[in-house]
Number of protein chains: 2
Amino acid sequence: MTPEPAAPTTGDPGVLRVALLGYGVVGSQVARALVENADDLAARSGARLELVGVAVRDASRPRDGVGTVVPASLLTEDAEALVDRADLVIEVMGGLEPARSLIRRAIAAGASVVTANKALLAAQGPELFEAADAARVDLAFEAAVAGAIPIVRPVRESLAGDQVRRVLGIVNGTTNYVLDQMTTLGLDLSDALAEAQALGFAEADPTADVEGYDAAAKAAILASLAFHTRVSIDQVAREGITGVTAADVVAAATTGHVVKLLAIAERTAEGVSVRVHPALVPAAHPLAAVHGAFNAVFVEADGAGPLMFYGQGAGGRPTASAVLGDLVSAARDRLSGGKGSYESAYASLPVLPADAAVTRYQVRLVVADRPGVLAQVAGVLADHGVSIDAVRQTTGEESADGTASLLITTHAAREASLAATVAAVDGLGSVHEITSVLRVEGV
Amino acid sequence: MTPEPAAPTTGDPGVLRVALLGYGVVGSQVARALVENADDLAARSGARLELVGVAVRDASRPRDGVGTVVPASLLTEDAEALVDRADLVIEVMGGLEPARSLIRRAIAAGASVVTANKALLAAQGPELFEAADAARVDLAFEAAVAGAIPIVRPVRESLAGDQVRRVLGIVNGTTNYVLDQMTTLGLDLSDALAEAQALGFAEADPTADVEGYDAAAKAAILASLAFHTRVSIDQVAREGITGVTAADVVAAATTGHVVKLLAIAERTAEGVSVRVHPALVPAAHPLAAVHGAFNAVFVEADGAGPLMFYGQGAGGRPTASAVLGDLVSAARDRLSGGKGSYESAYASLPVLPADAAVTRYQVRLVVADRPGVLAQVAGVLADHGVSIDAVRQTTGEESADGTASLLITTHAAREASLAATVAAVDGLGSVHEITSVLRVEGV
């Protein structure tokens, strides 16, 4: 049964009731700020933001800040009842359910929603945006992409009068930390990952990060915003960093590049290409200087030109900052009459398949060290319409065993052509091994 | 006489009438985008944005795009009459008058206003914000600070739930270009400035840029937003780059710094310090990598931590991008019931005098090359409560004439103490010359 729409306020026009769903790393910081910065938040919102409850799975479990900062009496296991008596609902529990149902319930009851749930938005954003628009309530999600970095609002609002061409994002701090350690300390992937886990920059199960699932959810959200087109996570071509070796990182440096895991959303003549993969970024590109667990999103727009947004992409306090910014906006919008999600999908551009992406590539291969091999390899590339930008041949220590290394950088080529080309090159008798194939971005 | 409030639309709810005041570098690009991107702007705004007129001083003068992109019939010399028949007014004429009167007139008539006029906002922002709030119309000004870079909206909205501690901005592209050329090519100031003028990065009369007036206006706006406190341009301590020498840039490099002209807004226990001056920035700081005419604003907030926003700070198309983003927001707000300026000055923190600023300093001086001189200088600093972080003494070619160079880096000291200290050091018989005193920021 759909609940009756809640009264818009407690009856006191100067108070908005806030429900917090989840009290983890982010939720506990949001609760703390609501209590400790109540006066500032009230002055900026135009109303007092009163925390009326915190929904958790087990209200009896001891939690940091509960009983001291946040009264224990605010904790509840009945999230639905809590949602029903709120004007503003903050969802920081994560996961698809019950987050989705609770957000639907909040919207149906006329409450505005602030969420940090990238997985939910990337999977089921459209139904939630439609519901919010119909109810004229806000559905805000700055915290879902790149933590503290204001990127959702700038892309959606500041660039609303412009045409975005491309978004290149370092949106996963764990993988950026790992790749950065491989680059600066020469570690291999497993050692860098183990170190990241020891320092708390990577989870015990790092799959979502290292396989690019987390970045893919953010890529879908960024592409949707940038191109006014609905993009869901299963339309994002995805490749993680598990195939990146210490040798790749060293080879990248020899050609003036660094290896980064990028979330890419690009508008082409044919449609929108959205993908996540490791890429070689020129050392002089602003993204190359993003170190450690930091995030950055580089945006290219017709009018604005290049823009970059840089900051902390995760962590309790940074993410809470983004949640609270959205909360203040949602409160203001509520007081001025509500507005809706502002989600816009009017352009409805086709989302291209993975093999339609067009990029430059660097291919490293081990070949027989004899005359004519380079000509043979170049011929195969030419036959497939892939044109060569540069070749670097190394016969160093390897020449003792009669082999040489080739490093070929191509001009822009279609992913599909490249895959066929690489297979054909691999079939040559003079080619011993394709050591790596990495895309080059940001040029 | 106050004009009667205009009807909110043409009568057609799907159309909003746009008046453009000014057709210079920015205005011509705004007009072009309004015509060429009309469909996208309509889809994003929720209404067609119809350019109903362009106010210029001399409508008969030939202008790029007029008669081709923009019908010549839209040009008018009667800005007041144009304002009176608009729902949305874009002011890109610059200067204090008639811009101020026209904006007041638009607000009084119930129109929303988008302006790029930093000088006007820094001088008379409060009266305009109050008028907009009273009329519940938008007064948006993203384009007034750092051109295309979304910074006004992120600071005002995204960080509304956070506490900003410090803003360090490279907000003047001309001076950044000049200092960057001095750093990378070893040019002196006059040569670098002449080159910037030849390339169109600096005006024939570069005073507003090189003396820091332009940056000071932006500093006042940023400080007002960041600290919810009204700061006007005459409260900004200002020092331009004319005193920066090639030798300063070289000396900076020896201690791992680059020289940047910074707009600084800082919250201290006593209030708000707002200033513009050349500063030594550590080479590893993200601002140090901002080259050429690019702008960047580095923000430190309690929750979010460090953030940086980077992009083109000037130019027709980039600035027009910011204007159009504001225009789409203003249109949406208008359709959803209007809102106001969202200007917030509730904190009303004291704005501190220039000599209350607290920073680290690097002082270079030429002294007599004999034992005891360093002890003497250090003693004067200690007497004034200024503590030394590092000293570097050079007796190189200069020792031939019996002198040595000292480079002293202090711990944080109050500007007032430093001034008195420098005067006292200068009075020592063993001190031949104070070569430079530069502040160190971003540490």
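Within segment B:233-248, the set of residues being small (Gly, Ala, Ser) and either part of a helix (DSSP H, G or I) or surrounded by fewer than 19 Cβ atoms within 10 Å (Cβ to Cβ) (or both) comprises B:243, B:246, B:247. Among the criteria (1) within 14 Å of chain B (Cβ to nearest Cβ); (2) without any contact (Cβ under 8 Å) to a residue 60 or more places away in the chain, the one residue A:154 does not fulfil is (2). Filtering A:265, A:314 for residues that are hydrophobic (A, V, I, L, M, F, W, C) and either in a helix (DSSP H, G or I) or surrounded by 24 or more Cβ atoms within 10 Å (Cβ to Cβ) (or both) leaves a single hit, A:265. Being touching a Phe, Trp or Tyr at 6+ places or on another chain (Cβ under 7 Å) and either more than 9 Å from every other protein chain (Cβ to nearest Cβ) or not in a helix (DSSP H, G or I) (or both): is that true of residue B:296 here? Yes. In a residue-by-residue description of segment B:306-316, the property of being among the hydroxyl-bearing types (Ser, Thr, Tyr) and either more than 30 Å from residue A:45 (Cβ to Cβ) or at the interface with chain A (Cβ under 8 Å from one of its Cβ atoms) (or both) applies to at least one position. Per the listing B:192, B:202, B:198, the residue uniquely at pLDDT below 95, outside the structural domain of residue B:126 (by TED's automatic domain parsing) and over 25 Å from residue B:298 (Cα atoms) is B:198. Among the residues of segment B:61-82, those identified as of a type in the set (Gly, Ala, Ser) and within 14 Å of residue B:28 (Cβ to Cβ) are B:65, B:67, B:72.
Of all the listed residues (B:146, B:192, B:223), the sole one being in a loop (DSSP other than H, G, I, E, B) and either under 30 Å from residue B:364 (Cβ atoms) or out of contact with any helix residue (DSSP H, G or I) (no Cβ under 6 Å at 6 or more places or on another chain) (or both) is B:146. Within segment A:37-48, the set of residues being more than 10 Å from chain B (Cβ to nearest Cβ) and either at pLDDT below 95 or crowded, with 19+ Cβ neighbours inside 10 Å (or both) comprises just one member, A:47. Within segment B:348-377, the set of residues being surrounded by 15 or more Cβ atoms within 10 Å (Cβ to Cβ), without any contact (Cβ under 8 Å) to a residue 40 or more places away in the chain and out of contact with any strand residue (DSSP E or B) (no Cβ under 6 Å at 6 or more places or on another chain) comprises just one member, B:374.
The residues on offer are A:131, A:123, A:140, and the sole one that is within 14 Å of chain B (Cβ to nearest Cβ) and of a type outside the set (D, E, K, R) is A:140. Test residue B:33 against the criterion of being more than 13 Å from chain A (Cβ to nearest Cβ), buried (at least 19 other Cβ atoms within 10 Å of the Cβ) and at pLDDT 95 or above, and give yes or no. No: the conditions fail for residue B:33.
Does residue B:330 satisfy being farther than 22 Å from residue B:265 by Cα, surrounded by 24 or more Cβ atoms within 10 Å (Cβ to Cβ), more than 7 Å from chain A (Cβ to nearest Cβ) and among the small types (Gly, Ala, Ser)? Yes, satisfied.
Among the numbered conditions (1) closer than 25 Å to residue B:125 by Cβ; (2) assigned to a loop (DSSP other than H, G, I, E, B); (3) among the β-branched types (Val, Ile, Thr), the only one that residue B:175 does not meet is (2). Restricting B:20, B:96, B:51, B:16 to residues that are free of Cβ contacts under 8 Å to residues at least 40 places away in the same chain, at negative phi, within 14 Å of another protein chain (Cβ to nearest Cβ) and not in a helix (DSSP H, G or I) narrows the list to B:51. Within segment B:411-428, is even one residue closer than 28 Å to residue B:253 by Cβ, modelled with pLDDT under 95, hydroxyl-bearing (Ser, Thr, Tyr) and part of a strand (DSSP E or B)? No.
The values are calculated or read from the model by the stated rules, or taken from the named source; none is laboratory data. Computed from a prediction, not measured in an experiment: that's the story for all the values here. All Cβ positions, glycine included, derive from the backbone under ideal geometry; neighbour counts span all protein chains shown.
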